[in-house]
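Asks: Got a structure for you, written out below as structure tokens; questions coming shortly.
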Amino acid sequence: MTHYGFLSTFPPTRCGLATFTESLSDALVLAGDEDGTIVRALDQPEDRARHRARARSRVRTDLIAGDRLSTLRATMALNACDVAIVQHEYGIYGGRDGDQVLEVLAALKVPTIVVLHTVLVSPTAHQREVLTEVCRLASVVVVMTVHARENLAAHYAVDLARVHVIPHGVKHVALSEAEPHSGRRVVTWGLLSPGKGIEWGIRAMAQLTDLTPHVEYIVAGQTHPKVLAHAGESYRTSLSRLASDLGVESSVRVDGHYLGPKQLAALIASADVVLLPYDSVDQATSGVLAEAVAAGIPVVATGFPHAVELLSGGAGTVVAHRDPDAIAQALREILTEPSVARGMREAALRETNETTWSAVADRYRALSAGLLAAQAA
């Protein structure tokens, strides 16, 4: 039996890495004979009530930004495991560009798998230094797309022999659970923050008012906690104001409620199109994109790396960044030509045969077994 340690954000924190780690740990530990320990990355200590609730969960301890004692506790907890799986994103750890994680990695004595969620094409000097050192300290590195591996080769001093591509896992959505609605529906979901490009989706909606039945645009998700802390709901408010200014307020719903798994599955299944109008040109992975493709829903996405790679088989359309005309044209084609939508759905379902969380967990399990065998040799 292998004892896995996980270092990442983790529920009740609501972010993509927390969801990723929960799904991966469920598939590795709860679905097998293995054991698991969660070390949760936090910006600040949690209150006592949440601490007592955590005692009943798999979270063993916390790594708190800027707290040296928590760094020691996190290291000890991970070193008590057989293999450590560490999620890397610049924003989740303390220090400049999240360099607190380097102290943890340097102190680990067990084989360590680092999963990179962002590989910047144009990092600052310090961001490049941090990521290069993260990769050096890891036993192996996992990226989720071939493009991310190519970026590492082009922009970072990394030993590519230790870099493995394992796709983002997905849960299949039951289409029979679709949320009832009239008309056509375009959906974007995930934590809301500037850079998600929702304004371009709203501008595109203003070009689709001639379609019958009408098209509605649902944007589902709470404001990202870090954005909420320093900017409040200003971005969400600006989106509602834009919809009103363009005369499409009745067709655009920016829903700030957190959706549980069943509610989210029903919303995804009800979509005619998933729209991902992200501003980022560097986004190496998107769990929202992976889930949309797994559900067999046609996707319109801007040309961030994961979209370019995942949609190349025909599961959706890639459009230029910040281009509402291109977004509107792509949406119109999918919404008005059934054969186009049907072809995308078929291509999407072909893409997901090997990306269920159980299949992805098997690849992490095999990678871990190889590290443990090498350690014992």
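The values are calculated or read from the model by the stated rules, or taken from the named source; none is laboratory data. The structure presented is a predicted model; accordingly, all values stated were derived computationally and were not measured. Virtual Cβ from ideal backbone geometry, glycine too; neighbours counted across all protein chains shown. The protein model used for the area step is the full one, side chains on, heavy atoms only, and it has no ligands, DNA or RNA in it. Shrake-Rupley method; radii C 1.70, N 1.55, O 1.52, S 1.80 Å.
Asks: Tell me the helices (runs of 4 or more DSSP H) entirely within region 119-228 that contain at least 2 residues that are open to solvent by 30 Å² or more (accessible area, probe 1.4 Å) and under 25 Å from GLY296 (Cβ atoms).
Replies: Per the criteria, 146-155.
Asks: Select, from ALA326, ALA315, ALA341, the only residue that is open to solvent by less than 40 Å² (accessible area, probe 1.4 Å) and out of contact with any helix residue (DSSP H, G or I) (no Cβ under 7 Å at 6 or more places or on another chain).
Replies: ALA326
Asks: Return the pairs, sorted by first residue and then second, in which the second residue is open to solvent by 60 Å² or more (accessible area, probe 1.4 Å) and of a type in the set (Ser, Thr, Tyr), the first residue lies in region 213-235 and is closer than 30 Å to LEU331 by Cα, the beta carbons are less than 6 Å apart, and the residues are 6+ apart or on different chains.
Replies: What qualifies is GLN222/TYR258.
Asks: Going through region 247-258 one residue at a time, which ones are farther than 13 Å from ILE198 by Cβ and surrounded by 12 or more Cβ atoms within 10 Å (Cβ to Cβ)?
Replies: Those that are farther than 13 Å from ILE198 by Cβ and surrounded by 12 or more Cβ atoms within 10 Å (Cβ to Cβ): GLU249, SER251, TYR258.
To keep it simple, each residue is scored yes or no on (1) under 20 Å from THR336 (Cβ atoms); (2) among the charged types (D, E, K, R); (3) out of contact with any Asp or Glu (no Cβ under 8 Å at 6 or more places or on another chain).
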site: LEU208; (1), (2), (3): yes, no, yes
site: LEU239; (1), (2), (3): no, no, no
site: GLU249; (1), (2), (3): no, yes, yes
site: ASP255; (1), (2), (3): no, yes, yes
